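Contents: one structure, followed by commentary.
Bear in mind these aren't lab numbers, they're just calculated from the coordinates by the rules spelled out. None of these values were measured; they are calculated from a predicted model. Every residue, glycine among them, receives a Cβ derived from its backbone with ideal geometry; neighbour counts consider all protein chains shown.
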Amino acid sequence: MSEWARRNAAVLRQLAAHITGAEGMSAPGRRVAAGVARALAANDAAALLEPLAATRRHLVADHVELAGQVGDIGAESGRVRDEAISDRRRRTNSWPTLTVGSGERWPQPKEREAETAGLKNRDDG
């Protein structure tokens with residue numbers, strides 16, 4: 001997520017600036033916007049994601065366009081997060097094919113299961 005936020009820092013910062021300058025927000029909305037302003041001061045654009053998301057419900061009534069932009073950012077960042085989680089799971093659950101010095105391939109998980117089953121059967125017999 002941090003990498004995505006850094007690549008999209010200009011868009012995130014512009015949106016944050018518009019939100020902090022939005023007029024007519026309720027007192028709770030202004031408090032949330034103040035959190036956006038604090039995050040805007042941070043070096044890392046990823047710090048903006050959570051405070052921006054929190055502003056959406058405070059913008060819907062009077063600042064529909066800003067609320068839509070916040071929703072779009074939330075949807076895109078959610079998609080990126082889900083892809084990262086999926087990629088991490090794939091990497092964690094896959095076994096690499098390794099070749100040892102003799103050129104012999106290390107067994108893959110299915111092959112390992114078959115070999116283990118064969119060893120168990122030999123022990124039983």
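Spin-label model, V80 to A9: label points 7 Å out along the Cα-to-beta-carbon direction sit 1.3 nm apart. The S26 and E50 beta-carbon pair, evaluated with R₀ = 22 Å, returns a calculated FRET efficiency of approximately 0.65.
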